[in-house]
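The values are calculated or read from the model by the stated rules, or taken from the named source; none is laboratory data. Quick caveat, the model's predicted, so the values are computed rather than measured. So basically every Cβ, Gly included, is an ideal-geometry build from the backbone, and we count neighbours across all protein chains shown.
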Amino acid sequence: MSKFKDASKKIAIHLALVITIVITLAFLFLKVFLPSYTNHGQTVTVPDLEGYEFEQLDDFLKERNLRYEITLDSGFNNELKPLSVLKQNPKAGNKVKNGRKIYITLNAKNAPLIKMPNLVNSPLKNAQEIIANIGLVRGEIVYVPDIGINVVLEQKYRGRSIREGFEIPKGSQIDLVVGDGLGNQILDVPNLIGMDEVDGEFLIIGSGLRMGNINYVQTDSVPQGTIILQNPPAGAEVRTGDPIEVWISDLSRNSNF
């Protein structure tokens, strides 16, 4: 009987030792090894990288124990410098582990080209919505005498009229010439021949008319930048806000005259 008790006692002691060893190893694995392996409790707050230039990223993120990778995607924001950070993932403010990789989308180096829509004869409100939706910026609104109130009469880019389909960089500013609803007056077309381009345009606008197509022609007999032809001709009767087309000498262009 005593032998049975001794054997049971030894088994119990061995079993207790095994359980103790298992518990100790489990504790060491869960509380020591696993947290060390996964950097448990060591987190970094993701900084806001928007607007940072590409050259600044490496040093800036290394100081914060983070890494980065540039994605193949790109976008464009004309308010940010080329190759600056446009988007990031994870977002700023998130808590991540040391060494986490931040995925970066850069602002395109060159603005993508978009085709100019036709805004002429559109209500001003609709034209402004179209400009915003396709990534352009509404610039100056110039009211001129015309029977169509708040109707777009002309669309301009960098001071020049542009037609539908003309390619311009995304984010460009588009100026609009708009009717004021007072276009019933009959006017005589002023004589523009011999004037330079700036003075001619000033006279056209000051006369209640508007600048139409501008054509450049090559000629050796007239100084460059001089108006040599106009349509309608001087003295013709037109309505307020009607366009005046002009031909201007330009030695650098091929002759279209």
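Consider I131 carefully, then state whether it is in contact with a strand residue (DSSP E or B) (Cβ under 9 Å, 6 or more places away or on another chain), surrounded by 19 or more Cβ atoms within 10 Å (Cβ to Cβ) and outside any strand (DSSP E or B). Quick ask: steps written out before the conclusion?
On the way: in contact with a strand residue (DSSP E or B) (Cβ under 9 Å, 6 or more places away or on another chain): yes; surrounded by 19 or more Cβ atoms within 10 Å (Cβ to Cβ): yes; outside any strand (DSSP E or B): yes.
Yes: the conditions hold for I131.
Among the residues of region 181-201, write down those that are within 41 Å of the chain's Cα centre (by Cα) and not in a strand (DSSP E or B). Working first, answer last.
To start, the set of residues in region 181-201 that are within 41 Å of the chain's Cα centre (by Cα) comprises 181-184, 192, 195-201.
Result: G181, L182, G183, N184, L192, M195, E197, V198, D199, G200, E201.
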Expected single match for in contact (Cβ under 8 Å) with a residue 12 or more places away in the chain and outside the structural domain of V238 (by TED's automatic domain parsing) among L187, L176, L86 is L86
Right, K109: on the phi < 0 side of the Ramachandran plot, charged (D, E, K, R) and at pLDDT 85 or above or not? no
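In region 239-257, how many residues are at pLDDT below 90 and closer than 24 Å to G181 by Cα? Spell out the reasoning first.
Step one: filter region 239-257 for residues at pLDDT below 90, giving 239-242, 250-257.
Of the ones still in play, those that are also closer than 24 Å to G181 by Cα are 239-242.
Of the residues in that region, 4 qualify.
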Inside region 202-230, the number of residues satisfying the requirement of being under 36 Å from the mean Cα position of the chain (by Cα), farther than 13 Å from V189 by Cα and outside any strand (DSSP E or B) is 2
For region 140-180, please list each of the strands (runs of 3 or more DSSP E) lying entirely inside it that holds at least 2 residues being more than 17 Å from G241 (Cα to Cα). 167-169, 173-180
If I ask for residues that are in the same structural domain as N65 (by TED's automatic domain parsing) and of a type in the set (F, W, Y), which ones from region 90-143 would you list? Y103
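Inspect region 41-54 for any residue being within 19 Å of R100 (Cβ to Cβ), assigned to a helix (DSSP H, G or I) and at pLDDT below 85 and give the result as yes or no. First the steps, then the outcome.
So the first thing to find is which residues in region 41-54 are within 19 Å of R100 (Cβ to Cβ), and the list is 41-50, 52.
Narrowing the set further to residues that are assigned to a helix (DSSP H, G or I) leaves none.
No, every residue in region 41-54 fails to be within 19 Å of R100 (Cβ to Cβ), assigned to a helix (DSSP H, G or I) and at pLDDT below 85.
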